[in-house]
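Notes follow the structure.
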Amino acid sequence: MTKNQLIKQAIEARNRAYVPYSNFPVGAAIITQSGKVYHGCNIENAAYPVTCCAERVAIFKAISEGDTDFQELAVVADTDRPVPPCGSCRQVMSEFFNENTLIHIANLKGEVKTVTIEELLPFSFSSHDLTTS
Ligand code: THU
């Protein structure tokens, strides 16, 4: 699947966003090494902090199905610049992505920026920090 096809899937997932509070729909699509695609949209809640971002919905859906071998993620919103993932999503990506996992951030104007998790969240807290010396 090409980058643009994955972005198109994220745009379709965005149509399913549940955003009565922000009216800011976001879509995501993640493809695994084996070629399976999982979709995500943001899902809000009247108790605002319970909201889950599109990226995490897609990632958690894949993990809950036993797929952790991620190849590429696309995320799309109607923003002036390619939509920057929030800090919580970056931390979740840092748990499961590596330097080869491509993150395509995009907007509806067709602008796309491809980054890695190291670029989005350098010097991140990880499992290595949990070990005492
Ligand atoms: N949101 C996402 O789904 N992904 C992002 O990368 C940024 C923010 C959602 C959370 C909330 O539902 C709405 O956008 C406004 O913050």
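Per residue, the accessible area of the chain comes to 57 Å² when a 1.4 Å probe rolls over the protein heavy atoms.
Taking DSSP loops as anything outside H, G, I, E and B, show the longest stretch in the chain free of trypsin sites (Lys or Arg not before Pro) there with at most 15 other beta carbons within 10 Å. Longest site-free region, per DSSP loop and neighbour criteria: 37-108. Please check the chain for the longest run free of GluC sites (Glu not before Pro) that are loop-located per DSSP (anything but H, G, I, E, B) and have at most 16 other Cβ atoms within 10 Å. No qualifying site falls inside 1-64, the longest such stretch.
Choose one of Gly66, Cys53, Val92: the residue whose Cα lies farthest towards the positive end of the charge dipole of the chain (beta-carbon charges +1 Lys, Arg; -1 Asp, Glu; about the Cα centre). Farthest along the dipole direction, towards plus: Cys53.
Ranking Tyr38, Tyr48, Tyr21 by solvent-accessible area of protein heavy atoms (1.4 Å probe, all protein chains present), from largest to smallest, gives Tyr48, Tyr21, Tyr38.
When Thr114, Thr101 are compared by accessible area at a 1.4 angstrom probe, the order from most to least is Thr114, Thr101. Summarising the strand pairing of the chain, around 70 percent of its internal DSSP beta bridges are antiparallel. For the chain, the percent of C-alpha pairs falling in each 5 Å distance bin, counted from 0 to the bin holding the largest distance, reads 2, 11, 21, 24, 20, 12, 6, 2, 1, 0.
The portion of the accessible surface of region 3-130 made up by carbon and sulfur, rounded to a whole percent, is 51 (1.4 Å probe; DNA, RNA and ligands excluded).
The slack between Val19 and Glu111, meaning 0.36 nm per residue of separation minus the straight C-alpha distance, is 30.8 nm. For the chain, set up a GNM with springs between Cα atoms under 10 Å and report which of Ile63, Ile105, Ile11 has the largest fluctuation. Result: Ile63 has the largest fluctuation of those listed. Taking a span of 24 Å or more along the helix axis (Cα atoms) and a mean Kyte-Doolittle hydropathy of at least 1.0 as the rule, no DSSP H helix of the chain qualifies.
The values are calculated or read from the model by the stated rules, or taken from the named source; none is laboratory data. Remember, it's a predicted structure, so these values are computed and weren't measured experimentally. When we count neighbours, we look across all protein chains shown, and the Cβ atoms used for this are built from the backbone with ideal geometry, even at glycine. Accessible surface is based on the protein model in full, side chains and every heavy atom, while ligands, DNA and RNA are left aside. Shrake-Rupley method; radii C 1.70, N 1.55, O 1.52, S 1.80 Å.
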